[in-house]
Amino acid sequence: MLRNTSRPYLFSNTLAPSVVGAAAAAIDLVGHPETRAPLLDQLWSNAALFRSRMQDAGFVLAGKDHAIIPVMLGDARVASKMAYSLLARGIYVVGFSYPVVPKDKARIRVQLSAAHSTDQVNHAVDSFIEVGRELGVI
């Protein structure tokens with residue numbers, strides 16, 4: 001509980017120099033049209049593929065037109081178990097529950113990237129489907 005509610009944990013984390021350097025390089029990449037367009041195309045393609053397949057499988061997703069896709073689960077224990085089971089399958093996601101999100105609005109937040117391949121996105125969705133069936137989510 002302390003970890004989820006302490007101000008230093010939630011709001012005051014300092015950035016490591018390597019993170020700042022990576023962020024600066026990312027800004028350089030998206031600042032140039034010759035690198036920006038292919039990256040954005042891949043990012044939106046990955047997000048559309050993930051969203052489409054997850055919704056077709058029966059998952060409830062929040063938001064739209066974004067590469068951060070919340071998979072709504074409701075129950076905090078289910079979100080925690082799902083995140084743990086997905087990690088065992090090589091998918092790193094984080095489950096969020098109260099007090100970080102409203103009660104009974106637990107979710108797993110998926111962050112897609114242009115660096116993900118289509119095979120990786122499909123593996124993630126296949127893993128979500130497998131775990132979702134095991135836990136009775138879908």
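The values are calculated or read from the model by the stated rules, or taken from the named source; none is laboratory data. Bear in mind the structure is a predicted one, so any value in this text is a computation, not a measurement. Reconstructed Cβ throughout: ideal geometry from the backbone, glycine too, with neighbour counts over all protein chains shown. Areas reflect the complete protein model, heavy atoms only, side chains present, ligands, DNA and RNA absent. Shrake-Rupley method; radii C 1.70, N 1.55, O 1.52, S 1.80 Å.
Numbers for the structure displayed
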item: Surface per residue (accessible, 1.4 Å probe) for the chain, Å²; result: 65
item: Percent RCO, i.e. relative contact order, over the chain, from Cα pairs under 8 Å lying at least 6 residues apart; result: 24
item: Label-to-label distance, nm, for residues given as I138 and D119 (7 Å Cα→Cβ offset); result: 2.2
item: Under 13 Å from K103, Cα to Cα: aspartates and glutamates that are on another chain or at least 8 residues apart; result: D75
item: Burial ranking of peptide ranges 81-94, 29-42 (average Cβ count within 10 Å, highest at the top); result: 81-94, 29-42
item: Which of G74, V110, V19, positive extreme of dipole for the chain (C-beta unit charges); result: G74
item: Spacing of the two label points (7 Å from each Cα toward its C-beta) at Y98 and A23, in nm; result: 3.3
item: Proximal aspartates and glutamates to K81, defined as alpha-carbon separation beneath 17 angstrom and excluding residues fewer than eight positions away on the same chain; result: D104, D126, E130, E134
